[in-house]
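Participant: After the structure tokens below, expect a handful of questions from me.
Every number here is computed from the coordinates shown, using simple stated rules; none is lab data. Just so it is clear, the structure is predicted and the values come from calculations on it, not from any experiment. Positions of Cβ are backbone-derived with ideal geometry, glycine not excepted, and every protein chain shown enters the neighbour counts.
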């Protein structure tokens, strides 16, 4: 039976109507039971939305068709149907992802060094300027295939797959003269909602240059980025929130030193005005990531970096995994496709420590509370004893602490929280992109707060079955 299904999926994945028409699609279906000891609202998903107690069945189907009008010109359209809740898909802020039922179209022109797109397109620049999710910075959400070595975290009601690119709607122009690439984007990132929000627009430029380094047998990359996101103050007459503007300018570098060792760095400076109606001062701050990478990226990929963002550094469309007001270090390592006898083994580790950057007046923190500290450690493993079959164990530990501020009258700050997630995974891969996965996650949450005058602790059980199809 499995062989028959695999054959059908292989035929579907290579299906095309002639040389001009192409049909594509992908679907995801998940059945899950959330059974915590207390209210499920205490458990957060990857993008911040809360899980709900009980059984749920979520489905998402995307169908697309593309027609090659001429050799350089291609037209396309796609539609997505889903029973996901609108508030669960509201992360991050792009038009397609925030609609449970959505449709989009595009026209793409490619000729020589020019690539131009009108309509919908995928785009990302750098983690500190324009990116949905920095996959190297945080393990929550990279990868969906059951055989991939990735930290899956806890998805909420949304089936949104966390990738680097945003799905934007507008226009994009890419020029590739030799080793230089320039990209200009314009997009509408939010629709106006009367009495609530304004229409929002994005405009950005990025240029990067690839330079071959003979001593390392690979390329170095130098890049610069500029981006503005702003509300259209004329889109509505009255809104619940004031109009804002967010600007960011950044530079990034990847420099190979020797063989499989390279230096990494990114710096960005942002100006943010959350109320453009009044001439109040803008919030200004900088963010930086600096460190090194080692490995060939295919079978071995390791990183160690120092990360820092000022309290007033918050470009609107930076990666969701890059919060402001933090500094610390992160380290990760991935080892893929190692053979132990006849068994294919892959595993990864990740660790991160950060502390809030709180400005001080003398010995007093001006923010009214002591800085918090955040620890994350995670590890995954995958064994493939037979082709297509995989088994894995994932573990994740989070610990956040903050000294309770004696000046605060309420004395109700959370002064300690620890969460441990252990998962058992079994999966089968019909083809490279068509998988079925059975997963059981056990969550232990401990929280120390003055509000509860002690410790709040509970267990949660999350068995799930997920099917992923793509053609």
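Participant: Find how much the distance from residue 458 to residue 438 grows on full extension, using 0.36 nm per residue of separation minus their present alpha carbon separation; answer in nm with one decimal.
Facilitator: Taking 0.36 nm per residue and subtracting the Cα distance, the gain is 4.8 nm.
Participant: Which order do peptides 417-427, 101-111 fall in by mean Cβ count within 10 Å, highest first?
Facilitator: Listed from highest to lowest mean packing, they are 417-427, 101-111.
Participant: Taking the Cα centroid of segment 167-184 and of segment 298-353, what is the distance between the two, rounded to the nearest whole Å?
Facilitator: 27 Å
Participant: Length gain on complete extension for the stretch residue 299 to residue 251, per 0.36 nm per residue less the alpha carbon to alpha carbon distance?
Facilitator: The span from residue 299 to residue 251 would gain 14.4 nm if fully extended.
Participant: Another question about this same structure. Once the Cβ-Cβ distance between residue 217 and residue 401 is put in as r, and R0 is 51 Å, what FRET efficiency do you end up with, to the nearest 0.05?
Facilitator: It comes to 0.65.
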